[in-house]
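Have a look at this one before I ask anything.
What follows draws every value from the coordinates through simple rules; no lab data is involved. Since this is a predicted model, take the numbers as computed values, not measurements. Backbone-built Cβ (ideal geometry, glycine too); neighbour counts: all protein chains shown.
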Amino acid sequence: MEKRAVPGFAFERAQTQVPGRLHLTPEALEYAYEYLRSTLPFRRMNLPHADELMFRVMGARDRFGHFKGRIKDNSDLNEIGLSQAKVRSTDVLMATMAHEMIHLYQHEKGRCTRGVHNAQFRHIAARVCRIHGFDPETF
């Protein structure tokens, strides 16, 4: 079956262009977080509601995102930040958010993995990738 296309239609142009330039906002990060929090395996982790976190769009070019955990005796909020320079599509946004949510989970359970991905992180990441279809090699 032949695919029909109207000359100059947006879909036709999209196939020839480089990957998009997704505009990130703290609200978009919050919505992505809440979506993932409602799905397995995150919904069983009892992660905090988005209102209890800070979401930040950063300009970092050396990483896709970061998790910054609060100090337990301090009233600061946990922070999840994603890079506008690196996160250029919705699939990368969701995969990066899921990655940082695992760090949040480990922080909340007292098993921080700052700078290293331990066996528990890798186990959870494998399950997240299996359920959500993320590439385990780049996750």
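How would you order 98-111, 30-43 from highest to lowest mean count of nearby Cβ atoms within 10 Å? Walk me through the numbers before you get to the answer.
Numbers: 98-111: 18.9, 30-43: 16.1.
With the highest mean Cβ count within 10 Å placed first, the list reads 98-111, 30-43.
With the crude spin-label approximation of a point 7 Å out along Cα→Cβ, what separation in nm comes out for HIS23 versus ARG130?
4.0
How far apart, in nm, are the 7 Å Cα→Cβ label points at VAL116 and THR138?
Result: 2.8 nm between the two label points.
Amide H neighbours of ARG56 under 5 Å, counting only residues 5+ apart in sequence or on other chains, H built in-plane at 1.01 Å?
It is ILE80, GLY81, LEU82, by chain and number.
Calculate, in nm to one decimal, what ARG43 and ALA85 gain on full extension: separation in residues at 0.36 nm each, minus their alpha carbon distance.
Values: separation 42, 0.36 × 42 = 15.12 nm, distance 2.93 nm.
Full extension of this stretch gives 12.2 nm more.
Right, next: Please work out whether segment 20-132 counts as rounded, prolate or oblate from its C-alpha gyration tensor, where a ≥ b ≥ c are the square roots of the eigenvalues and a/c under 1.5 means rounded, while otherwise a/b larger than b/c means prolate and anything else oblate? Before the final figure, lay out the partial values.
On the way: a/c = 1.40, a/b = 1.18, b/c = 1.19.
Cα axes put segment 20-132 in the rounded bin.
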